[in-house]
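Note sheet for the following structure.
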Amino acid sequence: MIMTCRLVPLLKPRLGCKSMRCLILLCPFLFLQEKGNFTYCPAAGLAVGNECSEFAGWAFPFPGVFLLEEFINQDEESEMVQLMDQDDWKLSQSGRRKQDYGPKVNFKKKKLKAGGFIGLPSFSQEIVQRMKAHSALEDFFPVEQCNLDYLPERGSAIDPHFDDWWLWGGRLVSLNLLSKTVLSMSCDSEDSLQLFATHSQGTCENVDSWDMDHSSSPRLIPYKEVTVDILLPRRSLIVLSGDARYKWKHAIYRKHIEHRRICVTFRELSAEFTLGGKQEKLGKELLEIALTFQGKPV
C-alpha cells in the first residue's frame, strides 16, 4: 500500500490554527504514516520486498538510480554548511527553508530569464568537478542549485511529486547532508507491475547479493500499491534518471527527518535549452553564468 497520512476522525485544529501542518506539529501522534513496502538495494539495482510486508521474498528491477556513499568527507560537509549558513535562508513550502542559485522562472507561463542569477556558489565548484569522475555524470552541467533545509521541529517534508520537465533535464542530482533520510518513491499508474521471486531472504543490508528467480511464475500487482524506500546515508549523492525521474514520484516524509538535514540539488537543462533545441542560445547564456561559480542566493 502507498504511504499515507491518516487523521483520527472528528478532531479539528484548535488554537486558531486552520492548517493541516499546524495540527501535525501540535499533535504528531495523530498521524500514522505507513512504511514503504519495498526497499531499494543499490548493489543489485532491485526493489526488494520488506520482511514485514506481504511482498517479502519478491523483488523487481528499479532502474534509474545511481547512489554514491561518502561523496564528500566530514570536513567538506562542515565547511559547506558553514558557508550556506552565512547567507539568508528563505521560508519555503512544507516547513522547509531554501536557497536558490538559478535563473528566474515562471513555470506556469514557461518564461525564463537570468534575473539576479550570477552563478552557482563557489563552494560547489569542486563538487561539480568531482561528479564528472563517474560515467553517469561525466557530461552533467548544472545550471541551477537549490539548497533545502529540513528540520523536524518545523515538520519539514515534501509530498510525492515530479520535478519540472520543461526546463530541467533528465538527471536530478542531490547531495544529502547532516543526517540520513529516506527518499520514498511512488507511482500513480493503473498498470500492473511484475514481481519476481528471489532466491535470497533477509534485508538489503544483510544479504551480499540478490538474485531473481525467473523460472517461477511472476506476480502482478498495481504500481499504485507500491512504495519504494531509497535509504540515503549522510553525505551520499543520488542521481535519478529514466524511470526514477519520469515514472516514479519522489517524496521525503516528515517521519524520516530525525535531525537537521540539508539537501543540495543540482539540475541540468532540458533538450529545449541545449544544442539543437528551440532555446539553445538562452540555455548557453545561462550555463555560462552558472559555471562562473561566483553566485549568491537569488
Task: Charged-residue dipole, Cβ positions (Lys, Arg, Asp, Glu), the stretch 132-206 about Cα centre, Debye nearest 20 - done: 340 debye
- [ ] Tabulate in residue order the Karplus-calculated ³J(HN,Hα) for the stretch 87-95, using 6.51 cos²θ - 1.76 cosθ + 1.60 with θ = phi - 60°, rounded to whole Hz; enter x for Gly and Pro.
- [x] 9, 6, 9, 9, 5, 10, 6, 6, x
Open item on the list: Need the C-alpha centroid separation for the stretch 156-200 versus the stretch 272-290, integer Å.
Closed with: 27 Å
Open item on the list: For the stretch 220-298, compute the orientation-averaged projected area of the C-alpha convex hull (one quarter of its surface), in nm².
Closed with: 8.8 nm²
Open item on the list: I'd like the distance separating the alpha-carbon centroids of the stretch 209-262 and the stretch 37-101, in whole Å.
Closed with: 10 Å
Task: Coil-residue trypsin sites (Lys or Arg not before Pro) of the stretch 98-127, DSSP, other Cβ within 10 Å capped at 14 - done: Lys108, Lys109, Lys110
TODO: State the percentage of accessible surface on the stretch 88-238 attributable to carbon and sulfur atoms; use a 1.4 Å probe and exclude ligands, DNA and RNA.
DONE: 48 percent
Task: Residue list for the stretch 253-283, given a label point 7 angstrom along the Cα-to-Cβ vector of Trp166 and an amide N cut-off under 19 Å - done: 267-274, 277-283
TODO: Pick out, in residue order, every one of the GluC sites (Glu not before Pro) in the stretch 213-298 that is DSSP loop and has at most 12 other C-beta atoms within 10 Å; say none if there are none.
DONE: Glu258
Open item on the list: Using a 1.4 angstrom probe on the protein heavy atoms only, could you order Asp159, Asp229 from most to least accessible area?
Closed with: Asp159, Asp229
- [ ] Kindly provide the GluC sites (Glu not before Pro) of the stretch 85-177 that DSSP labels as loop, not H, G, I, E or B, and whose Cβ sees at most 12 other Cβ atoms within 10 Å.
- [x] Glu138
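The values are calculated or read from the model by the stated rules, or taken from the named source; none is laboratory data. Nothing here was measured: the structure is a model prediction, and the numbers come from that model. Here the Cβ is made from the backbone with ideal geometry for all residues, glycine too, and neighbour counts use every protein chain on show. Note: accessible area is taken over every heavy atom of the protein model, side chains too, but ligands, DNA and RNA are not part of it. Shrake-Rupley method; radii C 1.70, N 1.55, O 1.52, S 1.80 Å.
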